[in-house]
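Trainee: Before I ask anything, here is the structure I am working with.
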Amino acid sequence: MTKNWYTELSRSSSGASLMERLLFRVAKKWVSGNTYKDALSSAKNSNNKGISAILNFLGEDTTDLRIIEQTVKEYSMLLDLLNSNTINGCISIKPTQVGLRINYDMCLSNFRHTAKKAKSLGRFMWIDIESFDLVENTIAISLELLEDYRQVGVAIQSYLKRSYSNLLHILERRANMRLVKGAYKEIENNVFQSIYKVNLNFSKLMKMLFENSQRCSTFAIATHDPRLIEEAINLSKKHGTDRRNFEFQLLMGINDEIKKNLVEKGYRVSEYIPYGNQWLAYSLRRIRERKRNIFLLASSLVRS
């Protein structure tokens, strides 16, 4: 098969059905389950290990007003449940879950509603970053929210060539941010093509964050790369960064040993915990971005 064998396999209806069944076997590694109860259970498990939880209700790219309304209600409920269950955690939302594919103002309004709720409960709200065409509006929304809600942060992707200027702009506004590598398929002109250049840019942006850590109340280093994590630790020591001002964020079900080691060293660690039945697009990105995940899927093929 070609390197895009998972796409080829899913072309027929029978292939698509088989593909989804196989993907679900693997997805259970990094998706907590279908319901908020599964997510809360995973969050409590994380807390028991000294790790904070970042809950994400899966879904994206919707233009269905009913689904958007339900999603906003789901996040409001999650915030209440985090409080009532005394869980150390927050939420993370994709803009296209709450209306950005329809229009900017609808998305901003829905984010304001959720940010107001989060503020009333003393909870943080992360805004996930998506594909290149959405980056400009996503950052603009996060900065508009910042005027009234300081406990809001946005993700920046090191594989995008534009992220350096984006980061400078965000630092000027003293906003909070999460540095990630990025996992969406983009046209070549917009992204660094090699993992070497993506990592190099990650290092460059991470250095900027630690050099300017006093300009944001919190920032996150979101990677599973041991070399980049070690580099972050060294930068924090070099610049005397207060450990309360930054954290490491890792995905549920991946590199648990690294999480444990960071906690034992006294660093803040959060685990990104997605849930819900809209797991397919999220899982395909996880498959594409890590070779080990492809091996997991291949083993499922062998067992089927």
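Laboratory data are not the source of any read-out in this text; all were calculated from the coordinates shown. Values in this document were obtained by computation on a predicted structure and should not be read as measured data.
Trainee: Using a Cα-Cα cut-off of under 19 Å, which aspartates and glutamates could be cross-linked to LYS207, ignoring same-chain neighbours fewer than 8 residues away?
Mentor: Once the sequence-local aspartates and glutamates are set aside, what remains near LYS207 is GLU172, ASP225, GLU230, GLU231, ASP242, GLU247.
Trainee: Under a straight-distance cross-link criterion of Cα-Cα below 18 Å, which aspartates and glutamates are reachable from LYS185, leaving out those fewer than 8 residues away in the same chain?
Mentor: Within the straight-line cut-off, LYS185 pairs with GLU8, GLU60, ASP61, ASP128, GLU130, ASP133, GLU136, GLU289.
Trainee: Oh, and also: Distance check, please: which entries in LYS117/LYS238; LYS28/LYS49; LYS28/LYS238 exceed 29 angstrom between their Cα atoms? Write down the numbers at each step before the final one.
Mentor: Details: LYS117/LYS238 37 Å; LYS28/LYS49 20 Å; LYS28/LYS238 39 Å.
The pairs that break the limit, which is 29 Å between Cα atoms, are LYS117/LYS238; LYS28/LYS238.
Trainee: Here's something else I'd like to know. Hey, which of these cross-link pairs are over 21 Å Cα-Cα: LYS119/LYS204; LYS94/LYS119; LYS44/LYS259; LYS237/LYS259? Write down the numbers at each step before the final one.
Mentor: Numbers: LYS119/LYS204 32 Å; LYS94/LYS119 18 Å; LYS44/LYS259 15 Å; LYS237/LYS259 19 Å.
With Cα atoms farther than 21 Å apart: LYS119/LYS204.
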